[in-house]
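The values are calculated or read from the model by the stated rules, or taken from the named source; none is laboratory data. Here the structure is a predicted model, which is why all the values come from computation and not from measurement. Here Cβ is always computed from backbone atoms with ideal geometry, including for glycine, and neighbour counts include all displayed protein chains. These accessible areas exclude ligands, DNA and RNA; they are computed on the full protein's heavy atoms, side chains included. Shrake-Rupley method; radii C 1.70, N 1.55, O 1.52, S 1.80 Å.
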Amino acid sequence: MKKIVMPLVCSLLLFVIGAYALWKNFPLGHEQRQTHEKTVENRRPESGDEIFSTDKGRSPGKYTELYDKYSTGALSGDPVSIDKFIRLEGACESGVSVIPGVEIPVEVKRLRDFCAMHYSSKEEFDYRVNVLRKQSYSAKLEARLRKVEEVAGKDVARRELSAELRSANADQAQMILEYASNADLVPEELSSEADIRADPSLAEKLSILSYIEFCRRGGECGDSDFPALAACVSLPPCSSKFGLLEVIRRASAPRDYEAAQSMSEMLHGRR
């Protein structure tokens with residue numbers, strides 16, 4: 001029996017050694033390992049500006065384009081870019097942090113495809129957020145309007161919010177109305193309507209309005225754009241690809257969505 005077993009063991013060991021040597025020297029496998037190692041190495045920030053270091057070997061894609069655009073703006077101190085950078089990284093971090101063995105919904109798969117070049121690291125993301133959050137447009141807006149409301153009252157804060165909103169671009173308008181929703185602060189153009197100010201679902205309508213104004217002012221609202229993908233994951237499931245407003249409409253009560261549309265018309269002086 002030993003005469004049979006020993007040759008078999010030796011043959012198996014030689015086969016394993018030979019297979020490993022073949023795999024290690026196979027060009028495609030070697031190249032893939034090098035690419036992966038470089039990607040991991042380049043994804044780990046150390047300090048200062050390196051929190052925005054990008055992997056030059058990455059294949060170009062929408063995530064890469066947005067990452068480079070927002071990180072460049074954040075490094076230059078642009079508050080809106082900081083907000084957008086935090087949102088991009090936060091959504092991608094949540095998209096890739098899926099529990100193993102759990103079936104991944106279609107909308108999460110789409111976000112993961114978009115975020116394919118995102119390197120998942122909660123510690124890295126938390127560090128970035130802690131460094132950047134206070135310099136973001138949202139944080140500065142909140143600090144300023146809270147102070148105005150404390151010193152001069154809610155009516156003055158509404159006027160300040162409206163003045164900011166009138167000259168706001170798509171991203172700023174969304175952030176302003178998100179703050180209004182969270183702070184129960186109605187823009188001056190809407191505050192004269194008693195029924196709006198007393199509406200128990202006002203916060204929800206202002207939140208919907210923030211998306212409508214974002215799209216109305218030229219934001220990226222297509223079905224393959226990042227805002228639609230991120231909204232699809234954070235709101236009820238999207239069975240197929242929808243633009244951002246369609247995602248929001250389907251996730252909202254019809255009356256709330258219609259009311260938010262009317263509020264948008266009022267903001268633009270059409271009612």
Fill in the blank from the handout: Quick count over the range 73-83, residues being more than 19 Å from A143 (Cα to Cα) and exposed (fewer than 14 other Cβ atoms within 10 Å of the Cβ), is 1
Handout entry: Residue list for the range 219-258, restricted to those being over 21 Å from T64 (Cβ atoms), in a helix (DSSP H, G or I) and either acidic (D, E) or open to solvent by 30 Å² or more (accessible area, probe 1.4 Å) (or both)
Key = S234, L245, E246, R249, R250, A251, P254, R255, D256, E258
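For S71, are the conditions met, namely being within 29 Å of Y179 (Cα to Cα) and at pLDDT 90 or above?
Details: within 29 Å of Y179 (Cα to Cα): yes; at pLDDT 90 or above: yes.
Taking the combined requirement at face value, the residue satisfies it.
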Practice task
Tell me which residues, restricted to the range 99-127, are β-branched (V, I, T), under 19 Å from the mean Cα position of the chain (by Cα) and part of a loop (DSSP other than H, G, I, E, B).
Solution key: I104
Exercise for the section: Starting from the range 244-271, take each residue that is aromatic (F, W, Y) and list its partners that are assigned to a helix (DSSP H, G or I) and open to solvent by 20 Å² or more (accessible area, probe 1.4 Å), counting only C-beta distances under 7 angstrom and pairs at least six apart or across chains. Expected result: Y257/R249
